[in-house]
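Structure first, then comments.
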C-alpha cells in the first residue's frame, strides 16, 4: 500500500506540478464563493434588538455621567475639608499663642506691672494697714465669722475660736 501511495504522489506531481492540486480557474472560485454565501444565511438585526442595543448604550452613558458627577462632588467635599483643616490649624496656632501669653501673665511681676500701668495701682500707706490681731475678739469679726459659717457651712461657730482659725476652717 505504501508503494501505491508513492505512485499516486508521483502521478499527481507530474500532472499538477509542485502544488499537487489541479489549478483553479476564476469561474470555479466564483462558484465556490456563491456556494459559501448561499450556505450562510444573512443575519439581519431585528428592530427589538436595535432598541435593546440603544437602551444599553444610553444606560452605559448615564452610568458614566453619574460616575463623573460623583467624582466632582467628592472633589468638592475634599476641597472643603482641606479648607476647614487649614482654618483649624490656624485657630490651633492662635490658641497656642494665647496660652503662651496667658502663661506669661501668670507671673506676679507681669500682673503687678500691668495693674500699675493700666489701673493706677498704688500700695497702701502705713496708716491704711489693718492687722487681724488688732481685730481679735471684736464683735464685728465674731458676727461676720458666725454669719459666714451659718451661710456657707451650716454650722454654728464656737465663741472662743479666733478669726484666723475660723477663716482657716472656712477655707478648708
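What percentages make up the Cα-Cα pair-distance distribution of the range 54-108 when the bins are 5 Å wide from 0?
With 5 Å bins starting at 0, P(r) equals 4, 16, 10, 11, 9, 8, 9, 6, 6, 5, 4, 4, 3, 2, 1, 1, 0.
Test of understanding: ordering 123, 144 by Cβ neighbours within 10 Å, fewest first, what list do you get?
Details: 123 6, 144 14.
Fewest-to-most Cβ neighbours within 10 Å comes out as 123, 144.
Only the coordinates and a few stated rules stand behind these numbers; no lab work does. Treat the numbers as computed from the prediction; the structure is a model and nothing was measured. Using ideal geometry, Cβ is built from the backbone for each residue, glycine included, and neighbour counts are taken over all protein chains shown.
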